[in-house]
1. Given the condition open to solvent by 30 Å² or more (accessible area, probe 1.4 Å) and among the acidic types (Asp, Glu), answer yes or no: does some residue in the range 182-195 qualify?
2. Starting from residues that are open to solvent by less than 60 Å² (accessible area, probe 1.4 Å) and polar (S, T, N, Q), keep the ones in the range 371-392 and report whichever is farthest from Trp276 (Cα to Cα).
3. Please state which of the following conditions Val139 fails to meet, knowing it meets all the rest: (1) more than 17 Å from Pro120 (Cα to Cα); (2) at pLDDT below 90.
4. Can you list residue pairs whose Cβ atoms sit under 8 Å apart, with the first residue in the range 317-329 being more than 13 Å from Pro303 (Cα to Cα) and among the hydrophobic types (A, V, I, L, M, F, W, C) and the second being assigned to a loop (DSSP other than H, G, I, E, B) and modelled with pLDDT of 80 or more? Count only pairs 6 or more apart in sequence or on different chains.
5. I'm trying to understand the selection: among the residues of the range 496-534, which are open to solvent by 60 Å² or more (accessible area, probe 1.4 Å), within 18 Å of the chain's Cα centre (by Cα) and at pLDDT below 85?
6. In the range 147-173, what residues are hydrophobic (A, V, I, L, M, F, W, C) and crowded, with 18+ Cβ neighbours inside 10 Å?
7. Please work out which residue is farthest from Ile119 (Cα to Cα), limiting yourself to the range 185-194 and to residues that are touching a helix residue (DSSP H, G or I) at 6+ places or on another chain (Cβ under 6 Å) and not in a loop (DSSP other than H, G, I, E, B).
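The values are calculated or read from the model by the stated rules, or taken from the named source; none is laboratory data. Keep in mind it's a predicted model, so treat the numbers as computed, not measured. Note: ideal-geometry Cβ built from the backbone for every residue, glycine included; neighbour counts use all protein chains shown. The accessibility values were calculated without ligands, DNA or RNA, using every heavy atom of the protein model including side chains. Shrake-Rupley method; radii C 1.70, N 1.55, O 1.52, S 1.80 Å.
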Amino acid sequence: MGRDAEEASPPVSSSELEQEEDDDDCYLSDQEDDALEESVLHVLEDENLEDCHWSTSSVITKESLLAAQREDLRKVMELLGLREHHARTLLIHYRWDVERIFELLDQKGRDRLFSEAGIPLQCTNNAGSTSSTEVTCNVCFDDVPPSASSEMDCGHNYCNDCWTEYFIVKINEGQSRRVRCMAPKCNAICDESIIRKLVIARRPDIAERFERFLLESYIEDNDTVKWCPSTPHCGNAIRVKGDIYCEVECTCGCQFCFNCSLQAHSPCSCMMWELWIKKCRDESETVNWITVNTKPCPKCHKPVEKNGGCNLVACICGQAFCWLCGGATGRDHTWSSISGHSCGRFTDDQTKRTEQARRDLYRYMHYHNRYKAHTDSLKQEAKLKHDIQGKISISENKESKIKDYSWVINGLNRLFRSRRVLSYSYPFAFYMFGDEIFKDEMTPEDRELKQNLFEDQQQQLEFNVERLSGFLEKDFQNFTDDEVMDTMKHVINLSNVVDRLCKQMYQCIENDLLYPLRTPHNIAPYKSKGLDRASELNFSWDSAEQSSQSTKRSQDQLGMNNNEYASTILGKRPHEAHGSSSGNREHKRDRVDANGGGALFDLNVPAEVVDKI
């Protein structure tokens with residue numbers, strides 16, 4: 001019976017057997033499972049390292065600046081029930097930080113929040129007053145009709161002539177964003193609509209400046225928005241949400257540190273980079289060389305360099321002096337002595353100062369030479385794009401099984417980013433392990449230990465960057481398929497290696513070097529995909545329509561159409577704060593190198609994207 005049942009069971013098909021074998025293959029051994037888990041953790045770790053410094057950047061053009069300002073004004077006006085000029089006063093006082101305003105509202109309360117910003121707690125409104133009683137101005141003491149006087153929200157009332165003169169003076173002094181009431185000990189901010197109405201009747205040019213200052217306050221008084229530092233000015237501003245210690249790229253191609261508005265300089269902190277460029281530009285090292293190799297003349301105090309073996313030297317002014325001690329002497333001398341002069345006693349101070357100056361000079365030259373060497377290599381390697389594009393074209397047209405050469409462009413982008421990190425790591429090391437900034441924050445033993453740790457990682461990165469550069473410079477268009485595959489394997493592997501080493505160096509800098517210090521130093525994080533390229537700031541049609549309607553009164557008062565208003569208010573900004581002007585620029589410039597050559601290859605295209613330009 002059992003045999004019959006066994007024979008009645010359906011046979012197993014070959015497809016089911018294959019399915020069972022496939023299911024068996026889905027199970028991983030313990031070693032394979034551990035390796036997979038480790039690789040996943042590495043990926044998650046890399047993503048978390050970049051996410052912990054999250055920041056998004058957007059470009060504010062002269063067309064979207066007004067809409068961006070109106071968006072923040074609208075939020076405050078709706079949530080706090082304020083009029084526009086009160087909302088602007090509040091935002092300017094708290095540097096256009098809407099979230100901070102709402103936080104302080106809970107902490108301080110509405111009355112204290114408004115009074116500190118200069119907003120009257122009880123606003124007067126005499127718009128519907130029909131009183132015919134004359135008003136006595138407490139400035140000029142003239143009696144004027146109510147139509148010739150203006151009352152602010154704080155209740156103080158003066159004649160329009162005195163108000164107008166006061167407003168013009170304040171605008172010329174650059175205080176137009178916060179014009180306080182004329183009354184003594186009154187901190188209330190004047191109504192911008194009254195300022196606009198009175199000033200435009202007498203000085204339209206001052207009224208235009210007043211409008212421009214109000215508009216630019218969104219950038220000048222905002223910690224999260226800054227002008228693009230490009231020269232000539234492209235007219236754009238960059239707004240960053242999140243971590244402000246980041247490096248961004250404007251749509252014009254200018255790459256800069258958002259915190260200090262200087263060129264991108266990570267892993268250097270802003271303070272380190274400012275000190276470094278000052279040290280490289282000024283004559284401080286020339287002074288060090290003069291201290292080491294010359295002596296001042298005791299008569300005219302000009303530096304004199306010794307060009308012979310005798311210790312009696314003569315300045316061009318005719319004064320003779322002793323080279324050993326710098327004291328003035330006569331000209332009578334022998335090879336062993338100077339008549340009437342003896343300086344055989346040892347003076348330790350001068351010797352120490354000379355030796356210290358010499359050590360400082362040699363130390364600076366060590367770091368500067370390596371910084372400049374990698375900077376020059378970066379400029380030379382930037383020219384590889386044209387050569388590599390030609391090599392790729394030749395390789396794609398020849399008979400070969402390999403048609404995808406995106407690994408070359410990806411490797412080139414990795415090379416640029418890692419070379420840039422390596423270049424700026426030398427100014428960082430100069431100040432990190434020197435006495436200029438952190439003299440008293442590390443013991444000599446701790447300093448030596450941290451320096452060895454950092455320099456080991458720096459040398460590993462330098463070694464692999466040079467290897468990657470060597471493989472990318474090869475003439476792979478003449479290689480066989482096997483040689484191309486071998487080169488591709490090395491380029492891909494080295495690209496991943498230098499990326500990993502850059503991340504490790506930044507972790508070392510942030511966690512082991514900067515974090516334990518008492519003096520806070522923040523650096524822009526390293527990102528494998530390059531600098532953040534700012535996106536265009538977009539607003540909905542409703543917001544744009546509200547912004548347009550809100551500025552209609554200003555345009556009507558100025559007697560301008562939309563194009564004239566934008567040109568007048570927005571187009572005059574370029575580099576007023578930077579000391580130069582460039583007028584309106586409809587077309588953004590291409591980025592050019594320092595020598596005035598053609599457009600440079602974009603050094604920050606993500607390695608995963610193939611540049612097909």
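1. No: the range 182-195 contains no residue that is open to solvent by 30 Å² or more (accessible area, probe 1.4 Å) and among the acidic types (Asp, Glu).
2. Among those residues, the one meeting the criterion is Gln389.
3. Answer for Val139: the failing condition is (2).
4. Taking only residues 6 or more apart or on different chains, the pairs are Ala328/Pro298; Ala328/Lys299; Ala328/Gln319.
5. Pro520, Lys529, Arg533 - these are the residues of the range 496-534 that are open to solvent by 60 Å² or more (accessible area, probe 1.4 Å), within 18 Å of the chain's Cα centre (by Cα) and at pLDDT below 85.
6. Step one: list which residues in the range 147-173 are hydrophobic (A, V, I, L, M, F, W, C), which gives 148, 152, 154, 159, 162-163, 167-169, 171.
Met152, Cys154, Cys159, Cys162, Trp163, Phe167, Ile168, Ile171, listed by residue number.
7. Among residues in the range 185-194 that are touching a helix residue (DSSP H, G or I) at 6+ places or on another chain (Cβ under 6 Å) and not in a loop (DSSP other than H, G, I, E, B), the one farthest from Ile119 (Cα to Cα) is Glu192.
Results for (1) β-branched (Val, Ile, Thr); (2) outside any helix (DSSP H, G or I); (3) in contact with a Lys or Arg (Cβ under 7 Å, 6 or more places away or on another chain), shown as yes or no for each residue.
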residue	(1), (2), (3)
Lys170	no, no, no
Ala183	no, yes, no
Ile200	yes, no, no
Asp205	no, no, no
Tyr218	no, no, no
Asp223	no, yes, yes
